[in-house]
Amino acid sequence: MAENENNDKGFEQEADEKKETEEPIDYKQKIDELDSLLEKERQKSLRLLADYQNLEKQIIDRINSRGDKIILDFLTVYEDFIRTKDVYEKEGGNVDNLNGIIKNMESILGNYDVKPIETRGKKFDPKLHEVVQEIENNDHEEGTIVKEIAKGYIIRGEVMKYSKVCVSKKIIKE
């Protein structure tokens, strides 16, 4: 038992000697180092989050652009159906089935937020319309759309296809 007490005293002496030889821990400096490291990790985390959000936006843009291409192709078929219906109507044919198909196509376009650009009687807007011809006409104010050559469409608030139009131009009398 006396031996154990001697061993305990020996350990205590060693611990006291170590305390005397070790430099005191500067807790303020340690905290500052840890704060600095934490701030670096926060900045790294923010950069990674920003990179992720940018990648997510790019993927959504790619998907939308591919989807928009398909919708443009769909619009071509839709317009072909409308032209076909107009021809059949002029010839006196039955267009009930075509009307049903066109209604379904319009419903699909509506689901994708595709809307036609209104033109008849409107002022020319270069953000929505493309002038194909100027028609001399004193019945309308200059720059008013008098005829639509090809329908234009807007998707999600952006022009997908510009309307091709004819605009009025004042007749100059000499």
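The values are calculated or read from the model by the stated rules, or taken from the named source; none is laboratory data. Since we're looking at a predicted model, the values are computed, not measured. We place every Cβ from the backbone using ideal geometry, glycine too, and count neighbours over all the protein chains shown.
Could you grab the pairs with beta carbons closer than 8 Å, sequence gap of 6+ or different chains, first residue in segment 104-122 and over 14 Å from Y162 (Cβ atoms), second one modelled with pLDDT under 90 and loosely packed, with under 15 Cβ neighbours inside 10 Å?
Y112/G67; D113/R156
Considering only segment 142-174, how many residues are outside any strand (DSSP E or B), more than 19 Å from L72 (Cβ to Cβ) and of a type in the set (G, A, S)?
Count: 1.
Given the condition farther than 26 Å from K69 by Cβ and either touching a Gly at 6+ places or on another chain (Cβ under 8 Å) or exposed (fewer than 14 other Cβ atoms within 10 Å of the Cβ) (or both), answer yes or no: does some residue in segment 148-163 qualify?
no
Of a type in the set (A, V, I, L, M) and modelled with pLDDT of 90 or more: does that describe I154?
yes
Against the condition of a type outside the set (D, E, K, R), under 20 Å from the mean Cα position of the chain (by Cα) and modelled with pLDDT under 85, how does I70 come out, does it pass?
Judged against the criteria, I70 is not a match.
Looking at segment 148-159 only, could you name the residues that are closer than 16 Å to P126 by Cβ and under 23 Å from the mean Cα position of the chain (by Cα)?
Answer for segment 148-159, where residues must be closer than 16 Å to P126 by Cβ and under 23 Å from the mean Cα position of the chain (by Cα): G152, I154, E158, V159.
Looking at segment 125-141, I want the residues that are more than 21 Å from V159 (Cβ to Cβ) and outside any loop (DSSP other than H, G, I, E, B) and have a partner that is at pLDDT below 80 and among the β-branched types (V, I, T) with Cβ atoms under 9 Å, at least 6 apart or on another chain. Which pairs are those?
E136/I171; E136/I172
Residues of segment 23-74 being among the charged types (D, E, K, R) and not in a helix (DSSP H, G or I), which ones?
Matches in segment 23-74: E23, D26.
Here's a check for you: in segment 160-174, which residue that is among the hydrophobic types (A, V, I, L, M, F, W, C) and at pLDDT 85 or above is nearest to the chain's Cα centre (by Cα)?
M160
From (1) surrounded by fewer than 17 Cβ atoms within 10 Å (Cβ to Cβ); (2) within 24 Å of the chain's Cα centre (by Cα); (3) not small (G, A, S), pick out the condition that doesn't hold for K123.
Single failed check for K123: (2).
Any residue at all in segment 100-119 that's acidic (D, E), more than 26 Å from the chain's Cα centre (by Cα) and not in a loop (DSSP other than H, G, I, E, B)?
Scanning segment 100-119, I find no residue that is acidic (D, E), more than 26 Å from the chain's Cα centre (by Cα) and not in a loop (DSSP other than H, G, I, E, B), so the answer is no.
Quick check on E39: is it of a type outside the set (S, T, N, Q), modelled with pLDDT of 90 or more and surrounded by 10 or more Cβ atoms within 10 Å (Cβ to Cβ)?
Here the answer is yes, as E39 does meet what is asked.
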